[in-house]
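In what follows, a structure is listed as structure tokens, so that the remarks can point back to it.
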Amino acid sequence: MAHFESDVLWNPAWSALEGWTERPPAVVERFHRSIPGFAESPLVPAPTIADQVGVGHVFVKHEVQRLGLPSFKVVGASWAVSMVIADLLDRPVFPTFDALTEAAGALSTTVVLSTATDGNHGRAVAYVARLLGLGSRIFVPADMAGSRVDAIRGEGAEIEVVAGTYDDAVRRAAEEAARVRADGRRELLVSDTSWPGYTRVPEAVVLGYSTIFAEALHQLAAALGPEASIDVALAPVGVGAFASAAVRSLASGSCSVVTVEPAAADCLWQSLAARERVTVPGPHESTMAGLNCGEVSLAAWPMLQHGVRAATRVSDLEATVAIRDLAAVGIATSESGAASLAGLRRLRLDSRAGSLLRPSSTVVLFDTEGVTDPAGYDAILAGTATMHGDDDREPDHATDR
């Protein structure tokens, strides 16, 4: 059993104190609901998976469709863009998207929104820029799937391909935002990761994600009754912004947030073990492309360090198995999206997990994107996908028993 338990880290700095962090304000959810076409993502019951894991309920919060985008990122990007423009104009926060659109109309010839991305955040920033009539410039690592690049370009963005990893793209985007553009327009950086001196915008991204967790709680109450609550929430980690939002919105003495990362890019796992932020050098070659990050966001770290109950790390093979099993219950997702199920199964194999995964427990898996690489998804379902080198660990899941 030690082989499996080496991939579950019980956070030595975890604090179970109720209310140790301030809950997000309702104004964020109201802002999102004012965006034309905005709708809740589904909370899908998965009783087959609950039976396999041995818990009362498993639900999948499936971010397959947010304003036409196959990811959750737009809720963080839209709130952060709103804050950046409010700061630029020295105005208070915009209460509605219409108010933001009106203010942005006067900036169309003077402002460009920019960011680095592995796919979804960049597309979300470009999408919001297009809605507001603003230009966008998105920095992407050279190995990003062509379908992801094309989707961002389809939002009207200017694409900058950066030789190296996602972290190299982050550095390049920050450098370029500090320079004067040839066309005279100002580049406003809307990054979802942070570094010393740049934390306010990533914190706004995290705050924007809170809408997802507010929805999940509303939907769970509708499904199971007003007293229903989440016992365990599984959140994937790239730079940690989404997981820190889960901690801020959900973590308490009664709700445990458990994270999942690729074994090839386990920067949070390593940081929690070291009790300080640790950089995991690249290249990060997991097929969980949205999670291929080597450094935890500075803005996200304080909440993660004290609010994550346990961290898991999984292989590409485990994520692939999870994709197939989710497809079997009607949920189409990517490797990054399926990571939460892989992490739940990894947690279940740990001898200490009984305190969290009880027969009465309600578990919510946050599936953070839909199918962004259709050809790759079809190859996985057909059994012809190629795995990366970290996948020599054979998954020992409930479905195999």
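The values are calculated or read from the model by the stated rules, or taken from the named source; none is laboratory data. Keep in mind that what you see is a predicted model, and the values were worked out from it rather than measured. Positions of Cβ are backbone-derived with ideal geometry, glycine not excepted, and every protein chain shown enters the neighbour counts. The area values use the complete protein model at the heavy-atom level, side chains included, leaving out ligands, DNA and RNA. Shrake-Rupley method; radii C 1.70, N 1.55, O 1.52, S 1.80 Å.
In units of 2.2 N^0.38 Å, what is the alpha-carbon radius of gyration of region 114-193?
Numbers: Rg = 11.4 Å, N = 80, 2.2 N^0.38 = 11.6 Å.
Ratio of Cα Rg to 2.2 N^0.38 Å: 0.98.
So what is the 222 nm mean residue ellipticity for the chain from helices alone, if each DSSP H run of at least 4 adds -39500 (n - 2.57) and you divide by all residues, rounding to the nearest 500 deg cm²/dmol?
On the way: 15 runs with 162 residues, N = 401.
For the chain, the value works out to -12000 deg cm²/dmol.
Enumerate the calculated ³J(HN,Hα) couplings along region 246-257 in order (Karplus 6.51 cos²θ - 1.76 cosθ + 1.60, θ = phi - 60°), each rounded to whole Hz, writing x wherever the residue is Gly or Pro.
4, 4, 4, 8, 10, 4, 6, x, 9, 10, 9, 9
Express the accessible area of region 226-382 per residue in Å², computed with a 1.4 Å probe while the remaining protein chains stay in the model. It would help to have the intermediate numbers written out before the result.
Working: 4360 Å² over 157 residues.
Accessible area per residue: 28 Å².
As an exercise, use a Förster radius of 30 Å and the Cβ-Cβ distance of residue 273 and residue 163 to find the FRET efficiency, rounded to the nearest 0.05. Walk me through the intermediate numbers first.
Details: r = 31 Å, r/R0 = 1.03.
Computed FRET efficiency for residue 273 and residue 163 comes out at 0.45.
Just the number, please: carbon plus sulfur as a percent of the accessible area of region 218-369, 1.4 Å probe, no ligands or DNA/RNA counted. Write down the numbers at each step before the final one.
Values: 2100 of 4140 Å².
About 51 percent, which is the carbon plus sulfur part of the accessible surface.
Report the label-to-label distance for residue 254 and residue 27 in nanometres (one decimal), using points 7 Å from each Cα along the Cα→Cβ vector.
Modelled inter-label distance: 2.9 nm.
For the chain, with a Gaussian network of springs between Cα atoms less than 10 Å apart, report the residue from 245, 310, 106 with the top mean-square fluctuation.
Most flexible of the set in this elastic network: 106.
For a bin width of 10 Å, list the pair-distance distribution of region 172-272 built from all Cα-Cα distances, rounded to whole %.
Reading the bins upward from 0: 13, 34, 29, 16, 7, 2.
Convex hull over the Cα atoms of region 55-145, averaged projected area in nm²?
On the way: hull surface 33.1 nm².
So the Cα hull casts an average projection of 8.3 nm².
Nearest-5 percent of antiparallel DSSP beta bridges in the chain?
Numbers: 9 of 43 bridges.
The antiparallel fraction comes to roughly 20 percent.
Quick one: accessible surface of residue 195, probe radius 1.4 Å, all protein chains present, in square angstrom to the nearest 10.
Surface open to solvent at residue 195 totals about 70 Å².
Which label belongs to the value computed from this structure, given these candidates for Rg/Rh (Cα atoms, Kirkwood Rh): (i) 0.95; (ii) 0.97; (iii) 1.47?
(i)
Please state the relative contact order of region 291-363 as a whole percent: Cα pairs under 8 Å, 6+ residues apart? Please report the intermediate quantities before stating the final value.
Values: 38 pairs, mean separation 19.4, N = 73.
About 27 percent, as a whole number.
How charged is the neighbourhood of residue 31? Take every other residue with its Cβ under 15 Å from the Cβ of residue 31, and add Lys/Arg as +1 and Asp/Glu as -1. Kindly include the intermediate steps, with their values, before the conclusion.
Values: positive: 30, 33, 66, 91; negative: 29, 40, 98, 102, 215.
Charge balance in the 15 Å sphere: -1.
Can you pull the one-decimal nm distance between simple spin-label points at residue 98 and residue 352, each 7 Å off the Cα toward Cβ?
That separation, rounded to one decimal, is 5.3 nm.
Please report, in whole Å, how far the alpha carbons of region 322-391 spread along each principal axis, starting with the longest.
Principal-axis extents of the Cα atoms in region 322-391, largest first: 40, 27, 18 Å.
Using a 1.4 Å probe on the protein chains only, how many percent of the accessible area of region 105-166 belongs to carbon and sulfur?
Values: 1010 of 2030 Å².
On region 105-166, the fraction of accessible area on carbon and sulfur atoms equals 50 percent.
Suppose R0 equals 60 Å; then what is the FRET efficiency for residue 179 and residue 51 from their Cβ-Cβ distance, rounded to the nearest 0.05? Please list the in-between numbers first.
Numbers: r = 56 Å, r/R0 = 0.94.
So the FRET efficiency works out to roughly 0.60.
Express the accessible area of region 77-200 per residue in Å², computed with a 1.4 Å probe while the remaining protein chains stay in the model. Mind dumping the intermediate values first?
Numbers: 5100 Å² over 124 residues.
Each residue of region 77-200 exposes 41 Å² on average to a 1.4 Å probe.
Within region 19-77, list the GluC sites (Glu not before Pro) lying in a DSSP loop whose Cβ has at most 11 other Cβ atoms in a 10 Å radius.
On the way: sites: 22, 29, 40, 63; in loops: 22, 40, 63.
Passing sites in region 19-77 are 22.
Suppose every Lys and Arg Cβ carries +1 and every Asp and Glu Cβ carries -1, with no other charges. What dipole size does the chain come out with about its Cα centre, to the nearest 20 debye?
Numbers: 32 positive and 49 negative charges, 183 e Å.
Dipole of the chain, to the nearest 20 debye: 880 debye.
Of the peptides 204-213, 271-280, how do they stack up when ordered by the mean number of other Cβ atoms within 10 Å, highest first? Provide the component values of the computation, followed by the final result.
On the way: 204-213: 26.8, 271-280: 15.9.
Highest to lowest by the protection proxy: 204-213, 271-280.
Projected onto the charge dipole of region 164-241 (+1 at Lys/Arg Cβ, -1 at Asp/Glu Cβ, origin at the Cα centre), which of 221, 204, 180 gives the Cα projection farthest towards the positive end?
Value: 180.
Can you pull the percent of Cα pairs in region 296-349 with separation above 14 Å?
Values: 821 of 1431 pairs.
Tail of the P(r) past 14 Å holds 57 percent of the pairs.
Rg to Rh for region 1-126: what is it, with Cα atoms only and Rh by Kirkwood?
Value, to two decimals: 1.08.
To one decimal place, what orientation-averaged projected area in nm² is obtained for the convex hull of the Cα set of region 216-287?
Values: hull surface 24.0 nm².
In nm², the orientation-averaged hull projection of region 216-287 is 6.0.
I need the P(r) histogram for region 31-91: all alpha carbon pairs, bin width 5 Å from 0 out to the longest distance, whole percents.
For region 31-91, the pair-distance distribution reads 4, 16, 17, 16, 13, 11, 9, 7, 3, 3, 1.
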